[in-house]
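Remarks on the structure that follows.
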Amino acid sequence: MAQIATLSERGQVVIPLQVREKMGLEAGSKFAVFPVNDSIVLKRMEIPSLDQWDTALNPLRHEAGRKKVSERGISRMVAKSRRRK
């Protein structure tokens, strides 16, 4: 179902209503934009919720606790790394 869209002076492209409805797109949806040869590919980005981030970070928290890494220790490592640049 190819449809024509036009690029505005501000660089905006309107995604046709049928496509938005079919894909469940809403205002504010985020996309990664990839140039591929003579085409442009839009990939919808799913921004994780805070709960999803929290779940994803649990293994890191566990490992940091196991290795006895503190917030203060991390701050020192970051500062040391920045001084090297």
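Every read-out reported here was derived from the displayed coordinates using simple, explicitly stated rules and does not represent laboratory data. The shown structure was predicted, so the numbers you read here are calculated from the model rather than taken from an experiment. Here the Cβ is made from the backbone with ideal geometry for all residues, glycine too, and neighbour counts use every protein chain on show.
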Need at least 2 residues that are among the hydroxyl-bearing types (Ser, Thr, Tyr) per element, so show me which helices (runs of 4 or more DSSP H) inside the chain make the cut, counting only ones lying wholly within it.
-> 71-84
Verdict on residue 9 being surrounded by 10 or more Cβ atoms within 10 Å (Cβ to Cβ), among the acidic types (Asp, Glu) and more than 18 Å from the chain's Cα centre (by Cα) = no
Assess whether residue 49 counts as being closer than 22 Å to residue 24 by Cα and small (Gly, Ala, Ser).
-> yes
